[in-house]
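Where a number appears in this text, it was derived from the coordinates with a stated rule and is not lab data. Computed from a predicted structure; not experimentally measured. Positions of Cβ are backbone-derived with ideal geometry, glycine not excepted, and every protein chain shown enters the neighbour counts.
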Amino acid sequence: MVDLLARLVDVAAWRNLLHMQCDELHAGMEARALRGLRPDSIDALERGFDVDIEAEVLDWLEFHNLRSPEPVLESVRAALAAGGEPERLAMGLWHLADWASLGTWRCMEGRGFLYLEPYSGGDMDGVGPLYEEQTWLKSLQEITNFSSEEYAEKVVLDWMGRRQDLGETLDENRDPRILSTMQSHRRHASALHLFTELVEVDETILLVCREWHSMLNVGWGEFNLGGLLTAALKEAIS
């Protein structure tokens, strides 16, 4: 089963890491000295633990021998040009984005339609649109028209309607998972509603991806991870 992930990243914090010298980043992660630079987390969202991300980043730096006094992003691009594996290099940028994030919203991919499709401006043909920038921009804009409680209620009613259309029961006695699923939809909807208040172009960005799929497709426009790896493209973070 595949999950949809939407990571809310503090641009300034991520930029700081990408422009930090590789040896400085390594030393800081190894000494646990960079924890004070992490943005405050959002309780309703998930986020990697400090110690876990430190270990991932250190392994990534050492695997690619990124220990020079050169900036991280420049060194990563040089490693790619020297034959480094693009997916492994992009995964490191994803870990740094986790360090610089306020948290990540996660849901089972199939459930993403409940939270986004009714507000995206049209029916979705397959899962592709769940990962498109326009879908998120339009949906979050529409969701601002409702309070968190109103949005959660609309999601639950939509879910109930879809179950009925499929001939599935809504009787708790026949399906004991009904109540827990309803509560899960409310929690996910309330957490996603937070994004309408927190996503600001100049301060935070969304990195949306399909779990276990290519890291090169994560992010949109100038913040696409594949694009960040490619020196020939316009510098995205300056």
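Along the charge dipole of the chain, Cβ charges K/R +1 and D/E -1, which of 81, 17, 152 sits furthest on the positive end?
81
Relative contact order for the chain: what percent, with Cα pairs under 8 Å and sequence separation of 6 or more? Before the final figure, lay out the partial values.
Details: 328 pairs, mean separation 70.6, N = 238.
With pairs under 8 Å counted, the relative contact order is 30 percent.
State to the nearest 20 debye the size of the charge dipole of the chain about its Cα centre, where the only charges are +1 on K and R beta carbons and -1 on D and E beta carbons. Spell out each step's value before the answer.
Values: 21 positive and 42 negative charges, 30 e Å.
It works out to roughly 140 debye.
Using only the Cα atoms, work out Rg/Rh for the range 1-89, with Rh taken as the Kirkwood radius, to two decimals.
Values: Rg = 14.0 Å, Rh = 14.3 Å.
On the Cα set of the range 1-89, Rg over Rh gives 0.98.
In the range 159-194, which trypsin sites (Lys or Arg not before Pro) are in a loop and have at most 12 other Cβ atoms within 10 Å, using DSSP for the loop call?
Values: sites: 162, 163, 174, 177, 186, 187; in loops: 174, 177.
Here the trypsin sites (Lys or Arg not before Pro) that fit, given the DSSP loop and packing criteria, are 174, 177.
Report the longest stretch of the chain that contains none of the chymotrypsin sites (Phe, Trp or Tyr not before Pro) sitting in a DSSP loop with at most 14 other Cβ atoms within 10 Å. Mind dumping the intermediate values first?
Working: sites that count: 49, 212.
In the chain, the maximal stretch lacking such sites is 50-211.
Rg and Dmax of the range 108-197, using alpha carbons, in Å: what are they?
13.4, 41
Might you report the magnitude of the Cβ-based charge dipole of the range 1-84 about its Cα centre, with Lys and Arg at +1 and Asp and Glu at -1, to the nearest 20 debye?
Values: 8 positive and 16 negative charges, 49 e Å.
Once rounded to the nearest 20, the dipole reads 240 debye.
From the gyration tensor of the Cα coordinates in the chain, what semi-axes in whole Å does the equivalent ellipsoid have, largest first, with each one equal to sqrt(5λ)?
Details: eigenvalues 268, 64, 53 Å².
After scaling each eigenvalue by five and taking roots: 37, 18, 16 Å.
Around residue 188, with a cut-off of 9 angstrom between Cβ atoms, what is the net charge of the other residues, counting Lys and Arg +1 and Asp and Glu -1? List each step's numbers first, then the result.
On the way: positive: 106, 111, 186, 187; negative: none.
Counting the neighbours of residue 188, the net charge comes to +4.
Positive end of the charge dipole of the range 108-197 (Lys, Arg +1 and Asp, Glu -1 on Cβ, about the Cα centre): tell me which of 130, 193, 143 has its Cα farthest that way.
Checking the options against the dipole of the range 108-197, the answer is 193.
Along the three principal axes, how long is the range 34-155 when you take its alpha carbons, biggest first, rounded to the nearest angstrom?
52, 33, 21
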